[in-house]
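A short write-up of the structure that comes next.
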């Protein structure tokens, strides 16, 4: 890396002592680039074995990489922590302005330790950290309102990130998210609850430093190549046009769209919640993360009447994506775009992960249908497919947790089903709720083996989709190989930190060239090796926290509902897990 | 913003003379603030050191040697188009080179030459 690049600086903030200090870690960023690579090392150093995810000894690590603030679509920040949802590795990525702000405030990583005894928010301005009183903000349920207050109170419009939690984080819901720039999220695995456990309502970071590059001419040339590739690529255009919701119709036609808690993989009303319907009827604005020319963020304008007065309306701007439409739409059989948007609004306001919330509501609906739980547990609610008004009330109760049932549901479907039954149809993998792809074996093997149990780890759905198109089904071992190869490469992208949407542009040789601008001399092979090492570190952390591939459970439901590649067998999935685990062990 | 900074062979935003911010929350969209190349620029009028000279064709040219870093120009600009270079302690003045235009995929910003009096 370039000598003197502030990327090598790590800001430590101790909320218990209200102290902060900066450490120089060139070694770390030289060896591990940044982002996920640096964050897993910092987590290993700072998070002692067996700590309570909601205790003061669980650190929060935010990390960015050498390409942030330099090249387009290097727009993401990696958060790492111990997850209250899985009790193991917590990793979540977000864009907005978070990455540019951290990088240009002069840091490669920020580590937040300890816990405050009174509500606090952090205002980080270059080398200064202010611990601001958040007593007034505590109890504010809406993540939108928290953002608005801090936006008006702090300086730095245009060059800052405001990460905050809503009511769900305060109430320690295991899948509470951290919202940043209103529409982006550290969504998965419960970072919001870790914020809440520290009485940390928000973190504002601002900065606008210059970043020195090794070779300005090479920088301009590489930038131009990347920019042209991005703006001319049909792959990127699809994210801009309909955005990820274009998948609703596509996956439904394939019969891979999880519907009614995956009793089926086809939703007969899918067309009414399709990307086309959202775009034509509701799309109000498209925006982008800082330093991205794509603008994939789709905001729907939803006009709602006030109930008690005619001609009196409010118009909400609500962000939507495929995963939200799946989790809060098809999975619950909500069959109108307006219904989906109203449910999204509730989930966003409280700051919950949309996927986990949808899966939780779907499991609860089926559990009530089967009599495993009654209105006594649901506090009087009769959960019914498609009834979004009742689902909105259930979301409020998940946050409020008035009884044992909602306290259990607030810990995820894995935990709730261990108490109330229905594990066969509790759609969680390694403790994390399912994403919207019932495409075939690779999607589910990926959910089970991926380091963060996310569809984005190894993109199994893409392996399945290729198999469906070509008519050639890969073996379990081939699936494991492909998942692992993809997951290893993605460690590099998430160490730079480049948005996965640009994975088709940032190929190994392109990355090597971009890194040369930042003073790293690495070949494609070096990068592949580094990717494997970073993934290995994650699995070492997971093993030390008790993760065991042989104890992974799969919900029977995924075997009962056919995929586009036919019915899945337990043997195939277990073989896939064994093959993946074998390769990981070998590399250890 | 980033394209502007690259003019100087640097990345980041320290040298950017363009400001993009939300219009009071991202739900309201964004405001792009760039120098409008005023024919009679208020920033030049308030400079006590004559470091900002009106440029033919509009806008101003900075003489860094004369600039005393008082920031009066920043306050004088009605649309807040003058940003500050913290490193050099001087204003960041748009030179209307148009490099940013090449990196705006949605044609929000344009570089146009007009006769004085036209907009």
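The values are calculated or read from the model by the stated rules, or taken from the named source; none is laboratory data. This is a predicted model, so every value here is computed, not measured. Cβ atoms come from the backbone with ideal geometry, glycine included; neighbour counts cover every protein chain shown.
Among the candidates A:161, A:222, A:182, the residue that is part of a strand (DSSP E or B) and within 13 Å of chain B (Cβ to nearest Cβ) is uniquely A:161. Evaluated against (1) within 14 Å of chain B (Cβ to nearest Cβ); (2) more than 27 Å from residue A:266 (Cβ to Cβ); (3) buried (at least 24 other Cβ atoms within 10 Å of the Cβ), residue A:350 falls short on exactly one condition, (1). Filtered by the rule that a residue be surrounded by fewer than 22 Cβ atoms within 10 Å (Cβ to Cβ) and farther than 15 Å from residue A:362 by Cβ, region A:409-430 gives A:415, A:418, A:419, A:421. The residues listed here are A:379, A:410, A:367; of these, the one that is farther than 20 Å from residue A:328 by Cβ and touching a helix residue (DSSP H, G or I) at 6+ places or on another chain (Cβ under 8 Å) is A:379.
For region B:1-21, the set of residues classified as in contact with a strand residue (DSSP E or B) (Cβ under 9 Å, 6 or more places away or on another chain), more than 7 Å from every other protein chain (Cβ to nearest Cβ) and not in a loop (DSSP other than H, G, I, E, B) consists of B:4 only. Does residue A:227 meet the test of being outside any loop (DSSP other than H, G, I, E, B), within 24 Å of residue A:438 (Cα to Cα) and within 14 Å of chain B (Cβ to nearest Cβ)? When the stated conditions are applied, residue A:227 does not pass them. Restricted to region A:10-125, the set of strands (runs of 3 or more DSSP E) holding at least 2 residues that are within 21 Å of residue A:162 (Cβ to Cβ) comprises A:60-63, A:77-82, A:89-94, A:109-113, A:120-125.
Checked against (1) more than 14 Å from chain A (Cβ to nearest Cβ); (2) in a loop (DSSP other than H, G, I, E, B); (3) at pLDDT 90 or above, residue B:116 meets all criteria but (3). If you go through region B:22-57 and keep only what is within 9 Å of another protein chain (Cβ to nearest Cβ) and either in a loop (DSSP other than H, G, I, E, B) or in contact with a helix residue (DSSP H, G or I) (Cβ under 6 Å, 6 or more places away or on another chain) (or both), you end up with B:24, B:25, B:29. One residue stands out among those in region A:164-179 that are more than 19 Å from residue A:428 (Cβ to Cβ), in contact with a strand residue (DSSP E or B) (Cβ under 9 Å, 6 or more places away or on another chain) and in contact (Cβ under 8 Å) with a residue 40 or more places away in the chain: the one that is nearest to the other protein chains (Cβ to nearest Cβ), which is A:179. Return a yes/no flag: does region B:75-91 have any residue that is out of contact with any strand residue (DSSP E or B) (no Cβ under 8 Å at 6 or more places or on another chain) and within 14 Å of residue B:3 (Cα to Cα). Within region B:75-91, not a single residue is out of contact with any strand residue (DSSP E or B) (no Cβ under 8 Å at 6 or more places or on another chain) and within 14 Å of residue B:3 (Cα to Cα). Among the numbered criteria (1) surrounded by 24 or more Cβ atoms within 10 Å (Cβ to Cβ); (2) in contact with a helix residue (DSSP H, G or I) (Cβ under 6 Å, 6 or more places away or on another chain); (3) in a helix (DSSP H, G or I), which single criterion is violated by residue A:451? Unmet condition: (3).
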